[in-house]
1. Buried by at least 10 Å² relative to the chain on its own: which residues of region A:403-432 qualify, computing accessible area with a 1.4 Å probe on protein heavy atoms?
2. Give the nm distances, rounded to one decimal, from A:Glu393 to the matching residue in every other copy, measuring between label points 7 Å along Cα toward the beta carbon; shortest first.
3. HN-Hα J couplings of region A:116-127 from phi, Karplus 6.51/-1.76/1.60, θ = phi - 60°, integer Hz, Gly and Pro as x?
4. Can you return the lysines within cross-link range of A:Lys103? Criterion is Cα-Cα under 24 Å, with same-chain partners fewer than 8 residues away left out.
5. Would you work out which of B:Phe254, B:Gly174, B:Leu407 lies farthest towards the positive end of the dipole of region B:129-429, given +1 charges on the beta-carbon of Lys and Arg and -1 on that of Asp and Glu, about the Cα centre?
6. Please compute how much accessible surface disappears when A pairs with B, both sides summed, using a 1.4 Å probe, and round it to the nearest 100 Å².
7. Restricting attention to region B:304-398, which trypsin sites (Lys or Arg not before Pro) occupy a DSSP loop and are surrounded by at most 10 other Cβ atoms within 10 Å?
8. Please state the relative contact order of chain B as a whole percent: Cα pairs under 8 Å, 6+ residues apart?
Number of protein chains: 2
Amino acid sequence: MTMIDETHEPARKSWVESANGHPDFPIQNLPLGVFSVGNDSARIGCAIGEMILDLKALANAGQVDEHWRLALGLSTLNAWFAHGPADATALRKRLSELLSDEKHKAAVQPLLVPMERATMYLPCHIGDYTDFYVGIHHATNVGKQFRPDNPLLPNYKYVPIGYHGRASSVRVSGEPVIRPKGQRKAPDADVPEYGPSRRLDYELELGIFIGRGNRLGEPIPIGEAGEHIAGYCLLNDWSARDLQAWEYQPLGPFLAKNFLTSISAWVVTPDALAPFRRPMPPRPSGDPAPLLYLSDEKDRESGGLGIELEVAILTEEMRAAGAEPFVLSQGEAATAMYWSAAQILAHHASNGCNLQSGDLIGTGTLSTDRATGLGSLLEISRGGKEPIQLPDEEVRSFLEDGDELVLTARCTAEGAVPIGFGSCSGRILPAR
Amino acid sequence: MTMIDETHEPARKSWVESANGHPDFPIQNLPLGVFSVGNDSARIGCAIGEMILDLKALANAGQVDEHWRLALGLSTLNAWFAHGPADATALRKRLSELLSDEKHKAAVQPLLVPMERATMYLPCHIGDYTDFYVGIHHATNVGKQFRPDNPLLPNYKYVPIGYHGRASSVRVSGEPVIRPKGQRKAPDADVPEYGPSRRLDYELELGIFIGRGNRLGEPIPIGEAGEHIAGYCLLNDWSARDLQAWEYQPLGPFLAKNFLTSISAWVVTPDALAPFRRPMPPRPSGDPAPLLYLSDEKDRESGGLGIELEVAILTEEMRAAGAEPFVLSQGEAATAMYWSAAQILAHHASNGCNLQSGDLIGTGTLSTDRATGLGSLLEISRGGKEPIQLPDEEVRSFLEDGDELVLTARCTAEGAVPIGFGSCSGRILPAR
């Protein structure tokens, strides 16, 4: 389906022992991120097992193409992402070689840092953050709560629906979630009041980082859209449902969302995901074909993302009792997404809107069509009407102070070494 | 109402002759912008009459507080705006002194550049752009087209409605407007099609630049909101109405807006506007009082902006005939705005959302309650049903290729020297 090269060979092992059999970061993954250790400045690194390879130091040591040194020496990935897919692939091959061939061990090992000692940062300066709504089961589930007979609006199967989010409040995994205050109006109340949200929720999404951008006024053809993707991460679109219900008409969600968006620290590249791509799920019979500017045969054949997503919760009481996080949902991205990543990008730029390297795009909540694969508490508790019971007898309709949410993702495919995304977590703090 | 100091004295003249009696930039204004001349790098300047004072050169010459030199030496105003209102006021006083007192002429005159030789840039790197909807007459006019009996939604008089816009496509006045393509669906069509917008429109707005920001999780109290405003500009929120109608449910406008937003080049400071502030118009009887976090007596007394806004059109045929632009609307910001700038900021940060220096906020379309003060063609032509006739017999429902739109603004008050904003213009180019 998609080209698989030697960097994916299951037999390939790293001399970094912790990488071999690592659930997230074997040598077949090689995701990029930004980290610091001690008082050193933030810099670009590559995850390998329990270690991070310092790519700034690697570039300064002359171990990679010297044309990459400037971009790899910065404290964000924006400039590197602007290099585009050929350089991304070449870097991957070089890193795979350096980290597998014993002959490089002496030179490269000193440039490794234990992950547990590192502080992680946002991978990019995010110029713009856009959130889409391509999870059709999520859109249907949420739509049903408002319009039982007509959950999906007429545009949904023609338009990859999206809206602009807030870039300044995107944070890397681990950022605490201060319960937001805002206007909320109970259905039976005459007037709204301002206070802490009572219906704080999460949304399980994938994030897409833009690689090469496009110029203002120049759309990105669907057939080229994939070349503009630098990589993927996990994204939690924290949502205050009571604020959202009151504010969102007629211009969409605003303060219900922009208090925080969390993303995982490691950017998994399109090359790393190649073995896990699959055909897009066939459109249900009767659905219209995508308009031409969103239609591409290669994308139909390999636009599906075989990424298994999972959300778990750890409450204050569970933490005190030493319990494991409780899994709230599990499901595969490919079956949740009505529109592919390429369709998302092609649509976003179809009016000439300029995407820039390092911009972040959320897919929207990725719920499957099963009760065990719902990507938000709004869906799981049916708008709060059916609270769920946790193993320790606690119940939840929405998130409570002290709750920690952990998103993870894993990719598996026959004949391929599984890879993961690391985690995207956040813990709720009381409103100030 | 608001403190007026010697920088506003009507008797104060500048030794820059073109400033005295200048409609926009007398010495009582002193707006800031970013410009370049020839091959010099972009730098911060202050408009004075037909000239620009190079503030980088001025700072390097030791003519201002040396603690300002770093921020004034950059190619955007972000760092300077982060200095906050005390330094902004002190700079204004110093510039007023330098440009009025003849004794400074010999030192300062060499640092002046003719405006006609300058290229203007965006004043700031815009981290996030948010657009509000506080023009109550606009909201009513537009609402009527969709819901004749119930034009304003129930939240409008409680919530300053806003949504996130696209920062990457904000451009300074003069940027051509490439007619966007997108999905549009005629009411009687079965399916949408992708093609050039047929209902391209403008929206007359004010822009607000953030001065000092707030930290994530820390709301801005309404009483302090004014101190976070660095200045104002004109803003044209170009809109493709056919794309908007089809795409905006349920998450708001997206590709209908993000192909371009134009702003005027000069940032008019809160100090310059002080003589033109007035009480907010009284809320119509029966309207609810603002919730406490949006309520401030000082803001009620002086939150109104006495800014007279004007929109004019120059078509290709008018241009060929040497005709003057035709005025489409005129009206005052204060009477158009249901919520003040301070209320907009306090609401935006009320959930802890972090605003950053240089962020841009649009007010939303500012239409008055008169037929001569409508801020968009959607309102003027009543959704295209009542095309307007131009003086040369051309008609317009929406914008046609070759049309140029020019927004201007002027402030007048008894006992004060009038000031203006310069212009915000853009000309429509055919779709690509």
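1. Flagged in region A:403-432: A:Arg432.
2. Relative to the other copies, A:Glu393 has label-point distances of 8.8 nm.
3. Going residue by residue, I get 5, 8, 8, 9, 9, 10, 4, x, 9, 6, 8, x Hz, with x marking Gly and Pro.
4. Candidates past the 8-residue exclusion: A:Lys13, A:Lys56, A:Lys93.
5. Highest projection toward the positive end goes to B:Phe254.
6. 5400 Å²
7. B:Lys385
8. 22 percent
The values are calculated or read from the model by the stated rules, or taken from the named source; none is laboratory data. Since the structure is predicted, the reported quantities are computational estimates derived from the model, not experimental observations. Cβ atoms come from the backbone with ideal geometry, glycine included; neighbour counts cover every protein chain shown. For the accessible areas, the whole protein counts, side chains as well, though only heavy atoms, and no ligand, DNA or RNA atoms are used. Shrake-Rupley method; radii C 1.70, N 1.55, O 1.52, S 1.80 Å.
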